[in-house]
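Step one of this worksheet: look at the structure below.
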Amino acid sequence: MSVATQRQEPATTEGFNAHSAPIQHRERNYQQYPGSSYILPSDEEEQARLELQHRVLIRALGNRLVLAPTTVKSGDHVLDCGTGSGIWALDLAKEVPSDVHIQGIDIETRLFPTTKPDNAEFAAATATNLPEGWANKFALVNQRLLIAALKSSEWPVVLGEIHRSLAPGGWVQLLEAKRWGAEGPHSVKHRALLELLFSSRQLLIDCSVQLPKMLEETGYKNVRVEEYKLPAGRWAGQEGIDVRDNFISVFRGMKTPILKAGGLGYVNSEEEYDQWMDDMAKEWDDMEGTTVDICVCYAQKALEV
Ligand SMILES: C[S@@+](CC[C@H](N)C(=O)[O-])C[C@H]1O[C@@H](n2cnc3c(N)ncnc32)[C@H](O)[C@@H]1O
């Protein structure tokens with residue numbers, strides 16, 4: 001694909017929505033939850049990617065599942081919001097006492113684990129409206145990578161729902177992507193496309209930057225942020241290859257929403273998009289220093305609210 005290919009439409013979301021016809025392509029399975037803007041697939045390929053992503057993240061975080069300054073104790077309840085394949089919850093179950101109750105929720109049940117320990121449960125629910133009965137229940141709430149799911153208007157709602165569901169003194173930990181890719185033309189152009197895609201669906205591409213303030217405004221105490229830079233590309237050995245493969249797969253998974261929106265003025269065919277992703281992966285391999293940056297924000301519900 002030529003990098004010189006320029007956008008053909010004006011840079012307004014109205015522009016492409018009104019005029020662009022969907023581009024034919026092989027579609028993967030996507031969630032159908034009413035009103036959801038989530039743009040990644042829910043299929044076997046995505047399940048495998050989530051496994052890889054979990055390994056990549058856990059390695060970057062020093063093999064820690066719990067980043068918040070707390071210890072999960074016997075009898076505690078833990079919630080994993082947007083659990084996906086439940087891999088974080090299942091791994092947590094292996095390292096906490098067997099009477100810790102672990103609950104995973106997701107709008108899409110297709111990726112839920114088929115085998116699980118007795119103390120783990122998975123249920124269909126949205127983070128924007130957690131069950132009434134969960135007030136003051138959880139000692140820890142984990143939520144990882146809902147950047148491509150939650151609209152700007154939904155983030156404060158979700159943080160409020162988690163706050164309501166936390167036990168007094170309980171902790172929330174949120175992991176989000178902050179910045180990714182090289183300073184080469186394929187990556188720079190792709191970041192511009194994603195900004196347009198996200199804004200067209202009211203998604204908050206810079207949620208990681210906004211989270212600390214949103215947490216404080218929701219009433220959380222002890223808000224802390226940790227940043228990690230994950231080397232991405234062949235230049236960083238197997239670790240860099242894994243990071244590259246995971247995140248380039250994320251972008252491949254966004255192909256359907258992009259092509260359904262007519263390519264958003266950036267791409268004209270499935271083949272062009274696929275080639276772009278191949279070129280971008282090579283760019284990460286060739287540009288030493290390429291990283292994917294993530295943020296972990298954690299915060300506490302006051303003991304007395
Ligand atoms: C990128 S995946 C991450 C999965 C998991 N947190 C992990 O790190 O392995 C995002 C997940 O959020 C789910 N999701 C999207 N919107 C949601 C919502 N409003 N409430 C709950 N889950 C949601 C998606 O179905 C998907 O499984």
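The values are calculated or read from the model by the stated rules, or taken from the named source; none is laboratory data. Bear in mind the structure is a predicted one, so any value in this text is a computation, not a measurement. Neighbour counts run over all protein chains shown; Cβ positions are idealised from the backbone, glycine included. Protein only, heavy atoms only, side chains kept; ligands, DNA and RNA dropped before computing areas. Shrake-Rupley method; radii C 1.70, N 1.55, O 1.52, S 1.80 Å.
Can you pull out the trypsin sites (Lys or Arg not before Pro) in region 45-94 that DSSP calls coil and that have at most 13 other Cβ atoms within 10 Å? Write out the running numbers ahead of the final one.
On the way: sites: Arg49, Arg55, Arg59, Arg64, Lys73, Lys94; in loops: Arg64, Lys73.
Qualifying residues, ordered by number: Arg64, Lys73.
Summarise the accessible area of region 13-300 (1.4 Å probe, protein heavy atoms) by the percent that is carbon and sulfur. Mind showing how you got there, number by number?
Values: 5760 of 11990 Å².
So the carbon and sulfur contribution to the accessible surface is 48 percent.
Of all beta bridges DSSP finds with both residues in region 13-300, what is the antiparallel percent, to the nearest 5? Mind dumping the intermediate values first?
Working: 21 of 41 bridges.
Of those bridges, close to 50 percent are antiparallel.
For each pair in Lys116/Lys137; Lys151/Lys213; Lys73/Lys301; Lys151/Lys221; Lys151/Lys229, compute the distance between the two Cα atoms and list the pairs where it is over 19 Å.
From the list (Lys116/Lys137; Lys151/Lys213; Lys73/Lys301; Lys151/Lys221; Lys151/Lys229), the Cα-Cα distance tops 19 Å for Lys116/Lys137; Lys151/Lys221; Lys151/Lys229.
Which of the GluC sites (Glu not before Pro) found in region 157-226 are in a DSSP loop and have at most 16 neighbouring Cβ atoms, other than their own, within 10 Å?
Numbers: sites: Glu161, Glu176, Glu183, Glu195, Glu216, Glu217, Glu226; in loops: Glu183.
Qualifying residues, ordered by number: Glu183.
Can you give me the long-range amide H partners of Lys137? Hydrogens built in the peptide plane at 1.01 Å from N, cutoff under 5 Å, separation of 5 or more residues or another chain.
When sequence neighbours closer than 5 places are left aside, the close amide H contacts are Leu166, Ala167.
To the nearest Å, what is the center-to-center distance of region 211-276 and region 64-108, using C-alpha atoms only?
Cα centroid of region 211-276 versus Cα centroid of region 64-108: 24 Å apart.
Go through region 275-292 residue by residue and turn each phi into a ³J(HN,Hα) via Karplus (6.51, -1.76, 1.60, θ = phi - 60°); whole Hz please, and just put x for glycine and proline.
My calculation for region 275-292 gives 5, 4, 5, 4, 5, 5, 4, 5, 4, 5, 4, 7, 9, 4, x, 5, 9, 10 Hz in order.
Towards the positive end of the charge dipole of region 201-279, with charges on Cβ (+1 Lys, Arg; -1 Asp, Glu), say which of Leu259, Val209, Tyr228 has the farthest Cα.
Of the listed residues, the answer is Val209.
What distance in nm lies between label points placed 7 Å from Cα along the C-beta direction at Arg28 and Gln210?
Simple spin-label model gives 2.6 nm for this pair.
Net charge within 14 Å of Glu239 by Cβ-Cβ distance, Lys/Arg positive one each and Asp/Glu negative one each, not counting Glu239 itself? It would help to have the intermediate numbers written out before the result.
On the way: positive: Arg55, Arg59, Lys229, Arg234, Arg244; negative: Asp242, Asp245, Asp285, Glu288.
Charge balance near Glu239 sits at +1.
Provide the per residue accessible area, probe 1.4 Å, for region 13-300, rounded to a whole number of square angstrom. Write down the numbers at each step before the final one.
Values: 11990 Å² over 288 residues.
For region 13-300, the per-residue accessible area is 42 Å².
Size of the dipole of the chain about the Cα centre, Lys and Arg at +1 and Asp and Glu at -1 on the beta carbon, nothing else charged, in debye to 20? It would help to have the intermediate numbers written out before the result.
Details: 31 positive and 43 negative charges, 102 e Å.
In total the dipole reaches around 500 debye.
Using DSSP to define loop residues, name the GluC sites (Glu not before Pro) in region 240-304 whose beta-carbon has at most 10 other beta-carbon atoms within 10 Å.
Glu304
If you plug each phi of region 263-274 into the Karplus form 6.51 cos²θ - 1.76 cosθ + 1.60 with θ = phi - 60°, what whole-Hz ³J(HN,Hα) values come out, in order, with x for Gly and Pro?
x, 6, x, 10, 8, 10, 7, 4, 4, 5, 5, 4
Which residues in region 106-126 have a backbone N closer than 13 Å to a point placed 7 Å from the Cα of Ser98 along the Cα-to-Cβ line?
Of the residues in region 106-126, 117-120 have backbone N under 13 Å from the label point off Ser98.
Relative contact order for the chain: what is it in percent, counting Cα pairs under 8 Å that are at least 6 residues apart?
Numbers: 576 pairs, mean separation 77.0, N = 305.
Averaging sequence separation for qualifying contacts and normalising by length gives 25 percent for the chain.
Rounded to the nearest 500, what is the 222 nm mean residue ellipticity of the chain from helices alone, with -39500 (n - 2.57) per DSSP H run of 4+ residues and division by all residues? Walk me through the numbers on the way to the answer.
Values: 9 runs with 113 residues, N = 305.
The helix-only estimate for the chain comes to -11500 deg cm²/dmol at 222 nm.
With every protein chain left in place and a probe of 1.4 Å, what is the accessible surface of Arg28, to the nearest 10 Å²?
40 Å²
Mind giving me the FRET efficiency for Glu271 and Arg191? R0 is 25 Å, r the Cβ-Cβ distance, nearest 0.05 is fine.
The computed FRET efficiency comes out at 0.70.
Show which lysines lie in cross-link reach of Lys282 when reach means a straight Cα distance below 16 angstrom and same-chain residues fewer than eight apart are skipped.
Leaving aside lysines fewer than 8 places away in the same chain, those within reach of Lys282 are Lys189.
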